[in-house]
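To start, the structure under review is shown below, and the notes come after it.
The values are calculated or read from the model by the stated rules, or taken from the named source; none is laboratory data. All of these numbers come straight from a predicted model, not from anything done at the bench. Here the Cβ is made from the backbone with ideal geometry for all residues, glycine too, and neighbour counts use every protein chain on show.
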């Protein structure tokens with residue numbers, strides 16, 4: 001089928017490829033890393049920018065599992081993930097206290113916003129605090145779509161109701177049990193209110209008939225940490241890979257990229273890099 | 001291993017205790033999928049009969065479409081039903097998206113080809129001479145059809161079971177058009193996805209067992225009906 005000449009060409013090509021591949025960074029012993037993260041980071045597209053750079057630099061291959069923070073932490077507890085990128089600080093502290101994580105670093109924050117239909121039937125536009133807005137929604141009985149999936153965003157939402165001292169029960173309070181993207185679509189279709197992270201909302205804003213109605217309250221901050229799963233609990237985890245990923249996330253170059261992400265498209269960053277800050281700077285315990 | 005064991009133990013505890021939400025989800029699943037199967041039968045039985053007995057141009061083409069439809073991926077159905085029912089879609093004014101009705105519609109689209117296709121094969125398996133004999137005995141068209149349905153009742157019930165099985169177990173379309181909204185459109189399959197995502201494996205396993213139990217009970221009932229008056233040999 002192939003002449004000698006062709007055969008030679010194929011050999012040459014294979015040899016060339018081999019040399020090229022070998023010329024890259026020495027491949028790590030165990031190149032596969034499982035990253036458990038939240039749907040919010042995945043849906044915003046940030047990981048699609050950062051992970052290829054990390055893989056290129058280090059030779060690791062990152063398998064990203066995007067779930068709610070609840071399941072991401074559970075995956076860490078059960079050794080089903082090597083590294084976590086999550087945003088539920090209170091649960092994370094418990095996770096660390098129970099010895100499931102060995103290292104934890106502040107990476108970045110974005111913020112939650114309350115969005116709703118442009119007509120704003122509950123009249124929450126420009127409310128000074130999130131608590132005030134939620135109170136108005138409950139009083140008006142306007143439909144509010146909750147994530148209801150135990151995710152970081154859902155936990156943040158429940159905390160807001162609690163702080164506001166407003167009961168969130170009734171026909172108007174509905175739980176989608178789905179990710180942020182799906183929940184925003186449902187809210188948009190139903191002309192309902194919801195709490196969302198800014199990144200997911202901005203990334204697909206054109207698809208929703210929803211406007212930002214409340215923003216800027218300090219209780220709406222959404223802080224991300226990277227956590228290396230504790231190898232003492234789960235020796236089989238890819239410790240070197242997890243540490244490399246954690247270091248990459250707080251590296252100055254990566255932090256700069258996080259700060260630039262989304263500016264070209266939305267005119268504002270979706271995430272604010274925080275590796276040089278402490279939890280206390282962001283008002284966390 | 002520990003997780004699996006814990007999950008099963010917790011699942012059995014949950015099932016024994018029972019809780020109103022699990023009951024409500026189960027009843028909704030049963031209602032939605034039962035209704036969808038009934039509507040599929042309403043479309044599928046006449047259409048399948050027509051395709052099996054009729055002779056008209058394009059019959060083979062329609063038949064190939066139905067057979068393809070039997071393998072219609074639920075997520076594709078979910079996508080198209082969503083596109084039609086979204087407020088921006090052609091049927092948006094009906095305000096059906098994220099309602100149980102929307103799930104029924106999607107499930108009918110999934111189950112109807114299954115019922116239709118299996119009806120065709122059920123009727124085509126009958127001896128062609130039976131038809132001629134019936135007509136020869138002076139049966140009207142309608143009487144003949146009724147007699148053929150009676151004769152093919154075992155495979156026709158199998159068609160019904162297959163239709164029900166395809167929708168009670170599907171998750172993609174229910175998630176997309178129903179939205180998995182608690183107390184409104186959360187069915188067993190979407191609840192299982194949610195509880196697994198939340199890491200509540202015990203509850204997820206319990207819901208999975210319930211789903212299997214329902215599928216079993218419904219099929220047991222249909223099998224009972226099917227086998228009760230099975231045509232006796234040599235009659």
Check on residue A:93, touching a residue at least 40 places away in the same chain (Cβ under 8 Å) and out of contact with any strand residue (DSSP E or B) (no Cβ under 8 Å at 6 or more places or on another chain): yes
Residues (under 27 Å from residue A:102 (Cα atoms), outside any loop (DSSP other than H, G, I, E, B) and either outside the structural domain of residue A:32 (by TED's automatic domain parsing) or without any contact (Cβ under 8 Å) to a residue 60 or more places away in the chain (or both)) located in segment A:256-278: A:256, A:259
Criterion (surrounded by fewer than 24 Cβ atoms within 10 Å (Cβ to Cβ) and at the interface with chain B (Cβ under 9 Å from one of its Cβ atoms)) met by exactly one of A:175, A:132, A:169: A:175
Those helices (runs of 4 or more DSSP H) lying entirely in segment B:1-86 with at least 1 residues within 14 Å of chain A (Cβ to nearest Cβ) and in contact (Cβ under 8 Å) with a residue 24 or more places away in the chain: B:2-17, B:20-53, B:74-85
Qualifying residue in segment A:135-143 (condition: within 30 Å of residue B:91 (Cα to Cα) and within 14 Å of another protein chain (Cβ to nearest Cβ)): yes
Residue match in segment A:43-62 (condition: assigned to a loop (DSSP other than H, G, I, E, B), at pLDDT 90 or above and either away from chain B (no Cβ under 14 Å) or out of contact with any helix residue (DSSP H, G or I) (no Cβ under 9 Å at 6 or more places or on another chain) (or both)): yes
Condition broken by residue A:75, with the remaining ones in (1) out of contact with any helix residue (DSSP H, G or I) (no Cβ under 8 Å at 6 or more places or on another chain); (2) modelled with pLDDT of 95 or more satisfied: (2)
Sole exception among (1) more than 30 Å from residue B:89 (Cα to Cα); (2) in a helix (DSSP H, G or I); (3) modelled with pLDDT under 95; (4) in contact with a helix residue (DSSP H, G or I) (Cβ under 8 Å, 6 or more places away or on another chain) for residue A:245, by number: (3)
Only one of A:205, A:162 that is more than 14 Å from chain B (Cβ to nearest Cβ) and within 24 Å of residue B:85 (Cα to Cα): A:205
Subset tally (residues that are surrounded by 22 or more Cβ atoms within 10 Å (Cβ to Cβ) and either away from chain B (no Cβ under 12 Å) or outside any loop (DSSP other than H, G, I, E, B) (or both)) for segment A:64-74: 7
Residues of segment B:161-193 classified as without any contact (Cβ under 8 Å) to a residue 40 or more places away in the chain and at positive phi, total: 1
Residue in segment B:60-73 that is buried (at least 16 other Cβ atoms within 10 Å of the Cβ) and within 14 Å of residue B:203 (Cβ to Cβ) present: no
Some residue of segment A:98-115 being outside any strand (DSSP E or B), farther than 25 Å from residue A:165 by Cα and touching a helix residue (DSSP H, G or I) at 6+ places or on another chain (Cβ under 7 Å): yes
Residues that are farther than 14 Å from residue B:112 by Cα and touching a helix residue (DSSP H, G or I) at 6+ places or on another chain (Cβ under 9 Å), drawn from segment B:22-49: B:22, B:25, B:26, B:28, B:29, B:30, B:31, B:32
Residue list for segment B:87-115, filter: part of a loop (DSSP other than H, G, I, E, B) and away from chain A (no Cβ under 14 Å): B:90
Any helices (runs of 4 or more DSSP H) falling wholly within segment B:119-235 and containing at least 1 residues that are within 12 Å of another protein chain (Cβ to nearest Cβ) and touching a helix residue (DSSP H, G or I) at 6+ places or on another chain (Cβ under 8 Å): B:188-198, B:201-228
